[in-house]
Amino acid sequence: MSTHDRHLRVGMVGYAFMGAAHSQAWRTVNRVYDLPARVRMSLVCGRDESKVADAADRLGWDGYTTDWRRLVESDEIDVVDICTPGDSHCEIAIAALAAGKHVLCEKPLANTVEEARLMAAAAARARADGVRAMCGFNYRRVPAVTMMRQLVADGRLGVIRHVRAAYLQDWIVDPQFPLVWRLQRDRAGSGALGDIGAHIIDLTQFVTGQRISGVSALTETFVKERPLPTGSSGLAAQADGNGRATGPVTVDDAAVFVARLDGGAVATYEASRFATGRKNALRVEINGSLGTVVFDLERLNELEFYDATRPAAEQGFTRILVTEGEHPYMSAWWPPGHIIGYEHSFTHQMRDFVEAVATGADPTPSFADALQVQLVLDAVTRSAERGSSWTEVTPALA
Ligand code: SOE
């Protein structure tokens with residue numbers, strides 16, 4: 001059997017926004033990349049039969065089920081892809097790993113540190129049997145972000161002094177925007193902090209190779225009561241027409257913190273859903289002794305680089321167009337100069353995951369890496385609860 005005859009049969013749980021993004025990537029990955037295994041989009045799972053049947057058809061899945069346990073235990077499935085809200089990650093992932101399935105789980109890994117620890121332990125146990133697990137922090141796989149990491153690793157920035165990261169959205173500025181699951185602690189774990197703050201925590205640790213060791217934080221919930229949703233409870237939800245039925249918002253709308261990284265850098269982080277006009281604005285700037293690098297998701301094909309080692313007369317920020325075959329992930333796409341978008345980061349994620357699973361390598365970020373992000377989220381929450389007091393990030397092995 002040639003390596004190309006090897007198939008990985010994927011079962012995906014959840015089919016909303018993230019499920020659609022993952023489906024697009026599963027559909028595309030073998031068309032773009034030459035990989036040691038072929039993906040089969042075997043089964044998609046959701047609770048509502050008519051909706052999941054429609055999703056299977058629309059997103060390109062061979063079949064559907066309304067029972068995630070059936071999917072996880074099926075002999076016809078090799079990989080379980082978890083795209084549900086955070087409150088079900090732990091149960092599904094642990095059951096899938098115990099059933100010998102490789103697992104890809106959306107971020108943040110879990111709703112609590114306790115769950116994340118259980119998941120990381122289950123992944124470590126399953127690894128001994130050749131089972132692999134990875135958490136889906138897709139922005140690592142934007143080529144400009146991967147290149148940023150390479151610049152740091154190659155020493156082009158020298159000693160990292162500052163990390164400045166912000167992830168800003170504005171989709172709940174309107175107080176009439178309904179109480180969707182992302183605004184409920186029991187479903188989502190936290191608000192802007194875990195949903196988008198987790199991305200910049202992971203991204204900056206990935207790029208710098210340093211881990212956040214302590215934080216001082218504050219969080220705020222600006223709108224404390226919201227109308228209950230009708231119909232969809234996702235990002236496209238509408239408020240209840242009569243405007244009377246409301247419920248409490250139990251998560252943060254914004255989280256701001258300063259941090260120390262274990263390699264000596266100091267950092268600022270801001271995650272907000274109340275940054276009017278900022279739709280999905282993720283910006284990271286890193287200042288080192290030899291240079292600065294800047295990434296802006298709204299211009300994701302570019303990197304700004306200031307190289308302080310160049311002759312004084314030639315110094316200044318250079319705009320690098322990260323679209324060439326020399327750049328990470330890019331040679332398989334289009335001819336030079338052709339840009340890519342948000343969805344490509346998921347294709348790159350599937351590329352790396354499939355390759356790792358097929359070759360027996362360890363995919364990253366591992367569940368242990370994602371547990372460390374969870375520990376940072378937890379330190380931020382604890383610091384904010386205690387009036388921004390300095391809070392060390394608990395070591396993963398504690
Ligand atoms: C909603 O805030 C959201 O879809 C996040 O859940 C994603 O992780 C992020 O990529 C875009 O915004």
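Laboratory data are not the source of any read-out in this text; all were calculated from the coordinates shown. Quick caveat: nothing in here was measured; it's all calculated off a predicted structure. Heads up, the Cβs are rebuilt from the backbone with ideal geometry, glycines too, and the neighbour counts pull from every protein chain shown.
Summary table below
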item: Computed over the stretch 240-398: relative contact order in percent, which uses C-alpha pairs under 8 Å that are six or more apart; result: 9 percent
item: C-alpha center-to-center spacing [the stretch 190-227, the stretch 268-329] in angstrom; result: 20 Å
item: Net charge dipole size for the chain [Lys, Arg +1 and Asp, Glu -1 on Cβ; Debye, nearest 20]; result: 260 debye
item: Three principal axis lengths of the chain [C-alpha, angstrom, descending]; result: 64, 61, 43
item: Percent antiparallel among DSSP beta bridges (both partners in the chain, rounded to 5); result: 60 percent
item: Cα gyration tensor shape for the stretch 275-398, rounded if a/c is under 1.5, else prolate or oblate; result: oblate
item: Among 305-316, 152-163, 21-32, the order from most to least packed when residues are scored by Cβ within 10 Å on average; result: 21-32, 152-163, 305-316
item: Karplus (6.51, -1.76, 1.60) ³J(HN,Hα), θ = phi - 60°, over the stretch 358-372, in Hz, Gly and Pro reported as x; result: 5, 9, x, 7, 9, x, 10, x, 6, 5, 5, 4, 5, 4, 5
item: For the stretch 239-292, size of Cβ-based charge dipole, Lys and Arg +1, Asp and Glu -1, in debye; result: 160 debye
item: Per-bin percent of Cα-Cα distances, the stretch 157-285 [5 Å]; result: 2, 11, 19, 21, 16, 11, 8, 5, 3, 2, 1, 0
item: Amide hydrogen neighbours beyond the local backbone of Arg226, cut-off 5 Å, H modeled; result: Gly247, Val249
item: Most positive-pole-ward Cα, Ala312, Val29, Gly63, against dipole of the chain from beta carbon charges; result: Ala312
item: Integer Hz, Karplus 6.51/-1.76/1.60 couplings in order for the stretch 324-335, x for Gly and Pro; result: 9, x, 6, 8, x, 6, 7, 5, 7, 8, 9, x
